């Protein structure tokens with residue numbers, strides 16, 4: 001029986017009456033387009049202004065990532081406070097990406113402690129096999145990159161360039 005593909009409009013000879021697409025690639029492209037259209041529609045709806053006083057239903061919460069076997073979350077949560085200097089107070093400057101920026105956040109943990117914690121987490125992940133590394137250097141390259149990134153993230157957070165730790 002002759003059918004027309006719902007995705008591209010090509011005429012094709014179908015073996016079944018329920019056939020909608022002439023190929024698996026067309027079927028995948030059609031469904032991918034539906035997913036993208038739904039995402040665009042949701043974004044457009046979220047960006048549509050609403051009149052004051054009208055209530056838009058809250059979006060459903062994002063699902064939590066699945067737990068990782070053999071790895072435990074740290075018990076300590078970092079305390080964060082906003083810092084706004086008053087009149088006559090000196091502003092502390094933080095070196096971030098070659099610039100000196102004013103400090104806008106405070107943190108309950110020091111930079112060295114934060115970096116050491118991140119390196120320990122990476123070391124634990126490497127030990128249980130979550131992170132693969134170059135066996136020649138035995139993970140030192142990965143630990144160095146972790147320390148560099150943690151330092152960048154901590155300083156960026158203090159000066160307001162990074163949203164959270």
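I'd like to know if region 52-60 contains one or more residues that are loosely packed, with under 10 Cβ neighbours inside 10 Å, at pLDDT 65 or above and under 30 Å from residue 130 (Cβ atoms). Yes, there is a match, as at least one residue in region 52-60 is loosely packed, with under 10 Cβ neighbours inside 10 Å, at pLDDT 65 or above and under 30 Å from residue 130 (Cβ atoms). Would it be correct to say that residue 148 is surrounded by fewer than 14 Cβ atoms within 10 Å (Cβ to Cβ), within 22 Å of the chain's Cα centre (by Cα) and either over 18 Å from residue 93 (Cα atoms) or without any contact (Cβ under 8 Å) to a residue 24 or more places away in the chain (or both)? For residue 148, the condition - surrounded by fewer than 14 Cβ atoms within 10 Å (Cβ to Cβ), within 22 Å of the chain's Cα centre (by Cα) and either over 18 Å from residue 93 (Cα atoms) or without any contact (Cβ under 8 Å) to a residue 24 or more places away in the chain (or both) - is met.
The values are calculated or read from the model by the stated rules, or taken from the named source; none is laboratory data. Treat the numbers as computed from the prediction; the structure is a model and nothing was measured. Glycine gets a Cβ as well: all are built from the backbone with ideal geometry, and neighbour counts include every protein chain shown.
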